[in-house]
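Participant: Just dropping this structure here.
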Amino acid sequence: MDSSRYLREHLRVSIVNEVMDAALFHSRRARRKSGGFFSIPLLVFCYVDFLGSLRFGLPAGSVKAIKFIKQYFPDRYRAYAELLYTMWRHGTVHEHSPKKLFSVDSETVFCKVGPLANNKNNRKNRANHLKTFNTVGINRDVFLCVNTCALVDD
């Protein structure tokens with residue numbers, strides 16, 4: 001089977017069934033289920049890891065995955081590719097939650113960048129995808145928002 005057929009008939013179907021449908025399921029509050037905050041980005045960035053190795057060669061790795069994001073995701077991802085991949089892929093795979101990143105010296109925390117996620121499939125929540133928010137009253141702390149439905153679509 002040629003590679004484009006494999007991507008179309010197998011990998012795309014897997015992404016739709018395992019990730020897109022799960023993200024849409026969790027976005028429906030009427031079902032009284034709420035989830036996917038960690039699992040959806042985990043799956044997306046693991047697929048990115050795999051796709052990066054398909055596109056840029058084995059072995060798989062962060063550099064190739066980040067290059068894949070910058071080349072194949074919408075332009076708005078370029079500025080956040082390293083941060084998103086580190087925070088969501090490495091955090092959820094290795095620590096079971098997104099990483100919080102700190103700029104520190106021996107005694108002082110200068111800046112914290114943390115994750116913020118929402119799983120609602122509506123225009124307002126999708127509009128917050130890849131936007132940053134500060135903690136009220138603490139200008140040094142920044143949170144990068146990921147909307148799971150927008151992430152999967154992108």
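Participant: Please compute the contact order of the chain in relative form: average sequence separation of alpha-carbon pairs under 8 Å and at least six residues apart, divided by the residue count, as a percent.
Facilitator: Over the chain, the number comes to 21 percent.
Participant: Ok, one more. Report, in degrees rounded to the nearest 10, the 0 to 90 angle that the Cα long axis of helix 39-56 makes with the longest principal axis of the chain.
Facilitator: It is inclined by approximately 60 degrees.
Participant: Work out from phi, with θ = phi - 60° and the Karplus expression 6.51 cos²θ - 1.76 cosθ + 1.60, the ³J(HN,Hα) of each residue of the stretch 136-148, listed in order in whole Hz, and give x for Gly and Pro.
Facilitator: 4, x, 10, 6, 7, 9, 10, 10, 9, 8, 10, 9, 4
Participant: While we're here: State whether the stretch 82-154 is rounded, prolate or oblate according to the following rule on the C-alpha gyration tensor (a ≥ b ≥ c being the square roots of its eigenvalues): a/c under 1.5 gives rounded; otherwise a/b larger than b/c gives prolate, and the remaining case gives oblate.
Facilitator: Note, shape of the stretch 82-154 comes out oblate.
Participant: Modelled label-to-label distance, residue 93 and residue 154, 7 Å Cα→beta-carbon offset: nm?
Facilitator: Calculated label separation equals 1.9 nm.
Participant: Continuing with this model, one more query. When the dipole is taken about the Cα centre of the stretch 3-153, and only Lys, Arg (+1) and Asp, Glu (-1) are charged at their Cβ, what size is it in debye, to the nearest 20?
Facilitator: In total the dipole reaches around 660 debye.
Participant: Let me ask something else about it. Pulled fully out, how much extra length does the chain show between residue 53 and residue 3, if you take 0.36 nm times their separation in residues and subtract their Cα-Cα distance?
Facilitator: Additional length available on full extension: 16.7 nm.
Participant: Take every DSSP beta bridge with both residues inside the stretch 3-153 and express the antiparallel ones as a percent of the total, to the nearest 5.
Facilitator: Counting DSSP beta bridges with both partners in the stretch 3-153, the antiparallel share is about 55 percent.
None of the figures in this text is laboratory data; all of them are computed from the coordinates on show. As the structure is a prediction and not an experimental result, all values here were calculated from the model. Quick reminder, even Gly has a Cβ in these numbers, built from the backbone with ideal geometry, and neighbours come from all protein chains shown.
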